[in-house]
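Have a look at the structure below before the remarks.
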């Protein structure tokens, strides 16, 4: 198997490839922290592309197409710190806990992932140590250091067709057990011109709200997950259009929730 030649005690990313996670606009003063867990399709050289062909390695299976570009535009509009992973979710999905099978998937929709099949506990632990933990620790550090109680907003994209089924929704607003921010944003999005749905095309039942639960629900902080259909984000013009629609909604959301917190 592809991973067996890798020493699990050695760093998975070389000194030239790291770090596994990064924060942009760390001193942003807006009352929000943005997260993009699936920002990159980068696979460390030690993993030999996980045995993937070119199509799979560049597909949505490896990353959320357009999500990072959108997150960067929203970062500027909200003056928010942005924490993002720099490693493909096929190496480790930073929006999954280590015990989840989907954290290191052996298959993603129509693609087998040879380099993840038959992964030993030691090699799985290496992925957790070198990809997930740096991301988790950095996000926790940013949230703790923020001067205002921040609203955590995670940015994702999804495919127009999944397992042969067309998805009509264009903007999904997702929540875990705390739906306060999601409900406010749903009302704010009524006239945005997009087809909007709550907890579509995924929900907490699909295991996609780990970051919200781990970093915001546990702290009692407002949080929401945004899912954009990726055909809306496949060009710079498309990203700019969606950022222009979301920026005022998120600005209003931050204002509404900040006022609520101040009056409580």
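Throughout, read-outs are computed from the coordinates displayed, never taken from laboratory work. The shown structure was predicted, so the numbers you read here are calculated from the model rather than taken from an experiment. All Cβ positions, glycine included, derive from the backbone under ideal geometry; neighbour counts span all protein chains shown.
Figures for the structure shown
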read-out	value
DSSP-defined antiparallel bridges as percent of all bridges, the chain, nearest 5	40
Estimated inter-spin distance, residue 45 and residue 107, nm [label 7 Å along Cα→Cβ]	3.3
Average Cα contact separation per residue, region 179-258, under 8 Å, 6 or more apart, as relative contact order %	40
Rel. contact order, % - alpha carbon contacts under 8 angstrom, at least six apart, region 76-197	18
Mean Cα-pair separation over length for the chain, i.e. relative contact order, pairs under 8 Å, 6 or more apart, %	23
Potential lengthening between residue 183 and residue 218 on full extension [0.36 nm per residue; Cα-Cα distance subtracted]	10.7 nm
For the chain, built as a Gaussian network whose Cα springs stay under 10 Å, the top-fluctuating residue of 190, 56, 216	190
Whole-Å semi-axes of region 159-264's equivalent ellipsoid (Cα gyration tensor)	24, 18, 11
Gain upon complete extension [residue 168, residue 58; 0.36 nm per residue less C-alpha separation]	37.2 nm
For 154, 211, order by how many other beta-carbon atoms lie within 10 Å, fewest first	211, 154
0 to 90° range, to nearest 10: angle between helix 67-78 axis and the chain longest Cα axis	30
Listed residues 92, 132, 162, most fluctuating in the chain (Gaussian network, C-alpha, under 10 Å)	162
Ranked packing of 180-188, 231-239, most packed first, by mean Cβ within 10 Å	180-188, 231-239
Estimated D of region 48-126 in µm² per second, where Rh is the Kirkwood radius over Cα pairs and Stokes-Einstein applies at 4 °C, 1.567 mPa s	93
Cα long-axis angle, helix 133-145 against the chain (0 to 90 degrees, to the nearest 10)	20
Degrees separating the helix 236-263 axis from the principal Cα axis of the chain, which is the longest one	60
Cα-Cα pairs of region 2-258 separated by more than 30 Å (percent)	24
Relative pair counts by distance (%), Cα atoms of region 49-202, 5 Å bins	1, 8, 14, 18, 21, 17, 12, 7, 2, 0, 0
